[in-house]
Each structure stands twice: as structure tokens, then as C-alpha cells.
Amino acid sequence: MSDSATLTVDGKNYDLPIVTGSENERALDIGKLRSQSGLITLDPGYGNTGSCQSDITFIDGDKGILRYRGIPLEAFADHPNFVEVAWLLIFGHLPNRTEYEFFSRELTENANIDEDMKHHFAGFPRSAPPMAILSAMISTLSCFHPQLFDLETDDQLEKAAARLISKIRTLAAYTYRRSRGLPYIYPDPKLPYVSNFLHMMFSEVYSPYVPEPEVRAALNLVLILHADHEQNCSTSTVRMVGSSRANLFASCAAGVSALWGPLHGGANVKVIEMLESIHKGKMSAQEYINAAKDKSSDVRLMGFGHRIYKNFDPRATMLRDVSEKLFAKLGTSDPLLEIAQNLADIALKDEYFLERKLYPNVDFYSGIILRAIGIPANMFTVLFAIGRLPGWIAHWHEQNSDPNMRIARPRQVYTGNGLSHYVPMEDRM
Ligand code: CMC
């Protein structure tokens, strides 16, 4: 295979090196194209643009493969442990016992937020969107940890990562408690990561909430399945912000904002709204599918389609299995799961979805699991953020450790007015 390509423009040839990744994906390196030819590339939505080289996550969207640091996602299904996966993503290998215990201890010791931060919650309306609060509070965290702005050693990175990963869970739980007018429940140092989160969400004063093991396992797996997805919108945002040498807290706060949108992490809320509207009889499943296919409407089948997966999304398949197992263990059911399966069955036989290779994505089943655990819909995207945080940290760190890192600064093709003149107010139409 050749290691360069030739681009011919106006009779001139330009050699473009070909970069090959460890799984044989190939990319044209256009780093010198503009200086040599005056040309830039144009790729709205960056569908064909590799913004970096990365060792963290491998996806083959055609084959439905997703691996963290080389390990297939499916390997985590039988012993789901979010803390272990967070470490793996950030530090590049599975933690040995000493590393795992040290990191777990750091998570435990940093679970509380500064008491002064609690006052900030009172400044938000009770009805404030949880993602707005989360982004603001992660930014606020930076005010309490200025010593962690410059992370030069692995030790400093670990401290910052542990603080963020631990405290995001406390911030999320307090956001929920505040929205309900409930007293804040302090983290319990005896509890592991996921149980502690559920404790802060659902315990009452003097009445601890003890989750079923199946619930703990399901939530661990949900978080793991969201933990990284290479250069998605929020991760690219974290990298973009971090490329200006903004600190980890500021960069992750920006990631939360990017994740909030309904085409990204916010889709899990929209899926449940869609399923509920079908359940309430506002539309049948077939009518919803028809609306999603109708180009004159802006309806989309939420939880379907993906920029990268043109085959099944392995996360959706795993979540469907988890949801079925969880309901079987809990001895409960959710009519929305049946509606979701019916919608998927119709869509997966429909020419429109088949032609465009639109399959259920991670958001299609995650909300159903979170509902079964008792998490309200407006917190779903917050749960996605808790899961995605290790990925953001891993990418921020990878980028910041790269000696060749440059500030991210795309170009554009200008299409506006030619030279125009300033018109004084009194002469304007
Ligand atoms: N329902 C109906 N039509 C769709 C859908 C959908 N969910 N998704 C894509 N299409 C159509 C789209 O209208 C277009 O049709 P045409 O070629 O006739 O113009 C074609 O499929 C290609 O779509 P696209 O918008 O160019 O694809 P994209 O790669 O830019 O967008 C997406 C990917 C995920 C934003 C999109 O599929 C979508 O909006 N899905 C629904 C929202 C959703 O579930 N988002 C969660 C994504 S997974 C979690 C995450 O990573 O955040």
C-alpha cells in the first residue's frame, strides 16, 4: 500500500502523506496543504476529518466494534466496574490491585464538595435544567482547586481525575435533591462508587437506600458503556477548549454543555418523551415512524442513527439485554420497553432506515434502564455526563501530553459580503 497520495490542482501536484493507524485506518495528512497550495479542505460536521491521533478508543462503525484501550466493550459485561474502566481509559491499562485501591480511596476521600459550594445550589431555580447546573458547578469546582490547573505529573492528573469523577456524582445527586426540595445526603465513605451515588440520590435521613445488586451492576454497565466514544461532539469540545491550555475543570464543563444537546447526550431524554407520547396514545408507533421519514417535518426517530455506526451500535445491543435482565430480576416491567422494541422492529424492516443504515444507538435503551432504577428523565443526560467524564479526562490528558499539540483553530471558506462601507445611522434604510 502506498504511503502517500498525489493531489493535482491546476496542473500542479501535491504529495500528501498517508498516515496508518494501528487498526489500519488510513488518513491523508493535509497538515502542509495550505502552506504548499493555498488550499484548505472543507468538511462541514467533520465527517471526514481526523482531528488527532489517539490511543484511547477504537471504533469500527461498519462492524459494530467498540474497544477501550484495545479491550472489547463486551468484556466488561460480566463484571461491570466503572471505576476500573475510568482508570483504564485515563492511564491506558487495567489497574493492578494497589492502583485500584489507591484510586478508590482517592474517590472516597474526595466525594464531598466544599460546604461553600452548597450555597450555589440555592441560587438556581428549583426547575433549572440539571445539565445547566452541572456545567456551572463543574466550572465552580475549579475555583476550589486552583492547585490542579497545571497537571504536569501522573500524580497530579490522578488527583484531579479523582476529584472530578468523585464530585460529579455528588453534584448530580445534590442537583436532583435540590430540584425536589429534599435534604442533601452526604456521601457515605463505606460505599463504593455507584452505590454511593444511589445513596446520595435516594436515601432519606435515617433511612438508607440499599440498591439491589442487579441495580448496581446495571448502573455500572450503563456508565461504562458511555465512558468514551472517541472524537464525539462533547469530547471534541473538551479537546478544543483544552487546546487553548484551559484547565481540566473548564474543559469538562464545556463538555457538559456540548453533551446537553438533543442530537448528542440529550437524545436519551427525547427517546423517553417519544415513547411516552406513543404510550399515551398521542401517536402510534407507525405514525411516529412515518413522521420521522417525512422530510417536511423535523421529527427524527430519537435513539436511532449514528455518525459512525452504519451497522448496529454494540452499546444498544448490550443495553437492550441489560434492560431485559433487570426487569426479569426486579420482577417489574415497563410498557415503554415493549413500545421501544416495537418501534425498533418496524424501523428495522423499513426501507428508509435500512437504506440510510439507521440502527438503535446507545440512547435508545439507556433511558428505560435509568427509569427502572428510579432516575427521573431530566437527569438522564447528567448520568451520561458522569459516564463520559473519564473519557473527557483521558482525551484532555492525551492531548496535553502531546509535545506537538497546537491550539485547535479550523479555517473556513468565507461566503459573506465583499468589501462594504460603513454607513452612518442617519443614512441607513
Ligand atoms: N430519524 C430519521 N431520519 C434520520 C435519523 C433519525 N433518527 N437519523 C438520520 N436520519 C436521516 C437524515 O434525515 C438523513 O436523511 P437524508 O439522507 O434523506 O437527508 C440521513 O438519515 C443521514 O442523516 P444525518 O443527519 O446526515 O446523519 P448525521 O451523521 O449527521 O447524524 C445523528 C447522526 C445521530 C445526529 C442522527 O442520526 C440523529 O439525529 N439521530 C437522532 C438523535 C439521536 O439519537 N442522537 C444520539 C446519537 S448516539 C449518542 C451520542 O453519541 O451522542
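Region 1-78 holds strands (runs of 3 or more DSSP E) entirely within its bounds, and those carrying 3 or more residues that are within 19 Å of the chain's Cα centre (by Cα) and closer than 16 Å to Gln231 by Cβ map to 57-60, 65-68. Against the list (1) without any contact (Cβ under 8 Å) to a residue 12 or more places away in the chain; (2) closer than 30 Å to His145 by Cα, the condition Ser277 fails is (2).
Step by step: first the residues of region 226-238, then only those that are polar (S, T, N, Q) and not in a helix (DSSP H, G or I), then the one that is nearest to the ligand (Cβ to nearest atom). Which residue is that? Of everything passing the filter in region 226-238, Asn232 is nearest to the ligand (Cβ to nearest atom). Could you look through region 292-339, keep only residues that are at pLDDT 90 or above and touching a Gly at 6+ places or on another chain (Cβ under 6 Å), and pick out the one that is surrounded by the most Cβ atoms within 10 Å (Cβ to Cβ)? Among those residues, the one meeting the criterion is Tyr309. Scanning for something among the charged types (D, E, K, R), closer than 20 Å to Asp363 by Cα, surrounded by fewer than 22 Cβ atoms within 10 Å (Cβ to Cβ) and in contact with a Lys or Arg (Cβ under 9 Å, 6 or more places away or on another chain), does region 225-236 turn up at least one residue? Scanning region 225-236, I find no residue that is among the charged types (D, E, K, R), closer than 20 Å to Asp363 by Cα, surrounded by fewer than 22 Cβ atoms within 10 Å (Cβ to Cβ) and in contact with a Lys or Arg (Cβ under 9 Å, 6 or more places away or on another chain), so the answer is no. Of all the listed residues (Leu191, Leu223, Leu219), the sole one being outside any helix (DSSP H, G or I) and at pLDDT 95 or above is Leu191. Filter region 383-429 down to the residues that are among the polar types (S, T, N, Q), closer than 27 Å to Leu89 by Cβ and loosely packed, with under 10 Cβ neighbours inside 10 Å and list them by number. Matches in region 383-429: Asn404 only.
Any residue in region 179-187 that is more than 16 Å from the ligand (Cβ to nearest atom), touching a residue at least 40 places away in the same chain (Cβ under 8 Å), in a helix (DSSP H, G or I) and over 21 Å from Pro80 (Cβ atoms)? Yes: region 179-187 contains one or more residues that are more than 16 Å from the ligand (Cβ to nearest atom), touching a residue at least 40 places away in the same chain (Cβ under 8 Å), in a helix (DSSP H, G or I) and over 21 Å from Pro80 (Cβ atoms). In the set (1) touching an Asp or Glu at 6+ places or on another chain (Cβ under 9 Å); (2) within 9 Å of the ligand (Cβ to nearest atom); (3) not small (Gly, Ala, Ser), the condition left unmet by Ile368 is number (2). The residues on offer are Val241, Val256, Val269, and the sole one that is within 26 Å of the chain's Cα centre (by Cα), away from the ligand (no atom under 15 Å from the Cβ) and either crowded, with 18+ Cβ neighbours inside 10 Å or in a helix (DSSP H, G or I) (or both) is Val241. Among the criteria (1) of a type outside the set (Asp, Glu); (2) more than 26 Å from the chain's Cα centre (by Cα); (3) closer than 30 Å to Phe58 by Cβ, the one Gly331 does not fulfil is (3).
Pairs meeting the criteria (first residue in region 282-305 and over 19 Å from Val269 (Cα atoms) and within 12 Å of the ligand (Cβ to nearest atom), second residue of a type in the set (Phe, Trp, Tyr) and at pLDDT 95 or above, beta carbons under 9 Å, at least 6 apart or on different chains) are Lys293/Tyr352; Lys293/Phe353. The sole residue among Arg216, Arg178 that is among the charged types (D, E, K, R) and either out of contact with any Leu (no Cβ under 8 Å at 6 or more places or on another chain) or closer than 17 Å to Met117 by Cα (or both) is Arg178. You will find that of Trp396, Trp392, the residue that is assigned to a helix (DSSP H, G or I), farther than 20 Å from Leu326 by Cα and more than 14 Å from the ligand (Cβ to nearest atom) is Trp396 and no other. Residues in region 274-281: is at least one in contact with a strand residue (DSSP E or B) (Cβ under 9 Å, 6 or more places away or on another chain), on the phi < 0 side of the Ramachandran plot and within 13 Å of the ligand (Cβ to nearest atom)? Within region 274-281 (the criterion being in contact with a strand residue (DSSP E or B) (Cβ under 9 Å, 6 or more places away or on another chain), on the phi < 0 side of the Ramachandran plot and within 13 Å of the ligand (Cβ to nearest atom)), the answer is no, since none of the residues qualifies. Considering only residues that are within 21 Å of Gly64 (Cβ to Cβ), of a type in the set (S, T, N, Q) and without any contact (Cβ under 8 Å) to a residue 60 or more places away in the chain, which ones fall in region 334-362? The answer is Gln341, and nothing else. Which members of region 119-141 meet the condition of being in a helix (DSSP H, G or I) and exposed (fewer than 14 other Cβ atoms within 10 Å of the Cβ)? Result: His119, Ala122. A count restricted to region 308-337 and to residues that are assigned to a loop (DSSP other than H, G, I, E, B), touching a helix residue (DSSP H, G or I) at 6+ places or on another chain (Cβ under 8 Å) and within 15 Å of the ligand (Cβ to nearest atom) stands at 1.
The values are calculated or read from the model by the stated rules, or taken from the named source; none is laboratory data. Predicted, not measured: the structure shown is a model, and the values here were computed from it. With ideal geometry, Cβ positions are generated from the backbone for all residues, glycine too; neighbour counts draw on all protein chains shown.
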